[in-house]
Amino acid sequence: MTIGTQTKHVMGYLQDFLFAPERARSPVKSLSGGERARLLLAQLFSRPANVLVMDEPTNDLDIETLELLEELLLDYPGTLFLVSHDRAFLDNVVTSCLAFEGSGRVKEYIGGYSDWLRQRSSTPATRVAAPEKAAAQAPKPEAKKATAGKKLSYKDQRELEQLPARIEQLEQEQAQLQASLADPELYRRDAAAFKTLGARAKQVEGDLAQAYVRWEQLEALRLGVNP
């Protein structure tokens with residue numbers, strides 16, 4: 001993908017990536033974390049390509065750069081392969097999801113992360129295994145009884161329904177904290193604030209990890225799968 005034409009001035013091109021003329025002339029070492037991320041994007045999208053592979057591209061991006069990246073990917077005419085834990089970003093950018101469903105199976109779902117959740121929830125459990133395989137591996141009556149007893153309680157069901165919003169909230173806060181901490185002038189201006197934000201960032205990271213684990217536990221329990 002080539003943004004602009006060969007006759008387009010470099011300064012004009014950098015303005016598309018939110019660089020004011022004076023910042024575009026600055027040395028790279030003086031740029032903030034968000035500006036350096038935008039510079040890398042400018043370099044990436046200046047190269048012609050019909051396939052793009054990105055691994056966690058939203059890490060450490062500020063809000064402006066994240067919005068810019070979404071716009072660039074939505075306009076990208078080639079094929080994009082994307083790995084990300086940012087669920088809102090996936091919803092905004094991708095057109096299909098590849099889900100690893102265990103036992104070496106990978107299934108494609110149309111739409112973003114939220115679409116995958118809806119489709120997965122509406123898929124009957126009997127589709128997980130072929131009828132003949134399920135019959136061959138039919139559990140003993142005792143095992144059936146144990147599995148049937150793993151239905152979600154009302155409290156667990158409510159928690160499962162609320163977890164996606166909780167995770168999204170934590171991810172947004174994490175992105176904001178990372179953007180603030182990426183400011184190279186923050187520590188010099190206010191060392192105490194830098195320390196406070198750093199501590200909060202660690203707490204949010206831990207809360208987010210726990211939320212992911214809990215969501216996986218509840219989903220496994222809902223589907224009758226051993227976590």
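In the set Asp91, Asp75, which member is of a type in the set (D, E, K, R) and either in contact with a helix residue (DSSP H, G or I) (Cβ under 6 Å, 6 or more places away or on another chain) or at positive phi (or both)?
The unique qualifying residue is Asp91.
Looking at Ala37, Ala42, which is the one that is within 30 Å of Leu163 (Cβ to Cβ), of a type in the set (A, V, I, L, M, F, W, C) and not assigned by TED's automatic domain parsing to the domain that holds Glu185?
Ala37
On the given criteria, is Val53 at pLDDT 90 or above and in contact with a Phe, Trp or Tyr (Cβ under 8 Å, 6 or more places away or on another chain)?
Here the answer is yes, as Val53 does meet what is asked.
Anything in the stretch 205-226 that is within 22 Å of the chain's Cα centre (by Cα) and at pLDDT below 80? List them, or say none.
Glu219, Ala220
Can you name the number of the only condition in (1) farther than 30 Å from Lys29 by Cβ; (2) exposed (fewer than 14 other Cβ atoms within 10 Å of the Cβ); (3) basic (Lys, Arg) that Arg189 fails?
(1)
Within the stretch 164-194, count every residue that is outside any helix (DSSP H, G or I) and hydrophobic (A, V, I, L, M, F, W, C).
1
Restricting attention to helices (runs of 4 or more DSSP H) lying wholly within the stretch 24-101, give those where 2 or more residues are in contact (Cβ under 8 Å) with a residue 12 or more places away in the chain, within 17 Å of the chain's Cα centre (by Cα) and surrounded by 11 or more Cβ atoms within 10 Å (Cβ to Cβ).
By residue number, 63-75, 87-93.
The values are calculated or read from the model by the stated rules, or taken from the named source; none is laboratory data. Remember, it's a predicted structure, so these values are computed and weren't measured experimentally. As a convention, Cβ positions derive from the backbone with ideal geometry for all residues, glycine included, and neighbour counts pool all protein chains shown.
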